[in-house]
1. Grab the strands (runs of 3 or more DSSP E) fully contained in segment 65-126, keeping just those with 1 or more residues being surrounded by 21 or more Cβ atoms within 10 Å (Cβ to Cβ) and at pLDDT below 95.
2. Please specify each residue of segment 46-64 satisfying the condition of being more than 14 Å from the chain's Cα centre (by Cα) and open to solvent by less than 30 Å² (accessible area, probe 1.4 Å).
3. Please enumerate the residues belonging to segment 127-163 that are more than 23 Å from Val61 (Cα to Cα), in a strand (DSSP E or B) and in contact with a Leu (Cβ under 6 Å, 6 or more places away or on another chain).
4. Output yes when any residue across segment 43-51 is at pLDDT below 85, closer than 21 Å to Glu105 by Cα and either of a type in the set (Val, Ile, Thr) or part of a loop (DSSP other than H, G, I, E, B) (or both), and no when none is.
5. Quickly run through segment 25-36 and pick out the residues that are of a type in the set (A, V, I, L, M), within 20 Å of Tyr135 (Cα to Cα) and either surrounded by 15 or more Cβ atoms within 10 Å (Cβ to Cβ) or over 21 Å from the mean Cα position of the chain (by Cα) (or both).
6. May I ask you to list pairs of residues, at least six apart or on different chains, whose Cβ atoms are under 7 Å apart, with the first in segment 16-45 being in contact (Cβ under 8 Å) with a residue 40 or more places away in the chain and under 30 Å from Gly99 (Cα atoms) and the second being loosely packed, with under 13 Cβ neighbours inside 10 Å and small (Gly, Ala, Ser)?
7. Which of the residues belonging to segment 138-157 are of a type in the set (A, V, I, L, M, F, W, C) and closer than 15 Å to Ser171 by Cβ?
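The values are calculated or read from the model by the stated rules, or taken from the named source; none is laboratory data. The shown structure was predicted, so the numbers you read here are calculated from the model rather than taken from an experiment. Virtual Cβ from ideal backbone geometry, glycine too; neighbours counted across all protein chains shown. What goes into the accessible areas is simple: the full protein's heavy atoms, side chains included, and nothing from ligands, DNA or RNA. Shrake-Rupley method; radii C 1.70, N 1.55, O 1.52, S 1.80 Å.
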Amino acid sequence: MSDIKPMMARPTDIDGLYQVEFKVIEDDRGSVMEFYRQSEFEATGLPTLNERPQVNAPLTVKGAVRGIHAEFAHKLVAVAAGTVYAAIVDLRKDSPTAGKWQGFELQRGQGLFISKGLGNSFQSTSDEPSLYLYYFEDEWRPGMPGAACNPLDPDLNITWPIKENEGMILSEKDRNNPSLKEVLGNG
């Protein structure tokens, strides 16, 4: 068992966004992904998620897109099953990376730490439904400060693996979210 690596986090090109590799312990039965252990989380140097955050686990069918949502709370996200393409957008007006996005192909054992104000979105890309875990710093509530942006905004030009005319599924709510220019106040 000496080859088990601790949770690792490394910065990306977007301020406050980190790629995370989770500890995965394998044996003949399968594997256990250690999604959150306070001591290892603290050892990575990531900001705290508080004592009683909310955890969500949306099961998402192939082609479906969820987001872009940027609550004003840190989030730790991970893939528990299947594969996803995550697109994270900086929706913070005063950020040096405002308006930029970065995409990640993620599978079990991989995830992201998403700082307050960064827009989280993902598309399920596996034949079987994906399970994407969200560990929130604070409980979500109606009217919570934050922003939302249309994942099909041409100014973002996100390269979704499954295109709109090839099987993409998008809620009307997300389709009708404001543009990046509107969110950043220059549209």
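1. 75-81
2. Leu46, Leu49, Pro53, Gly63, Ala64
3. Ala147
4. no
5. Met33
6. Hits for this filter: zero, empty list.
7. Ala148, Cys149, Leu152
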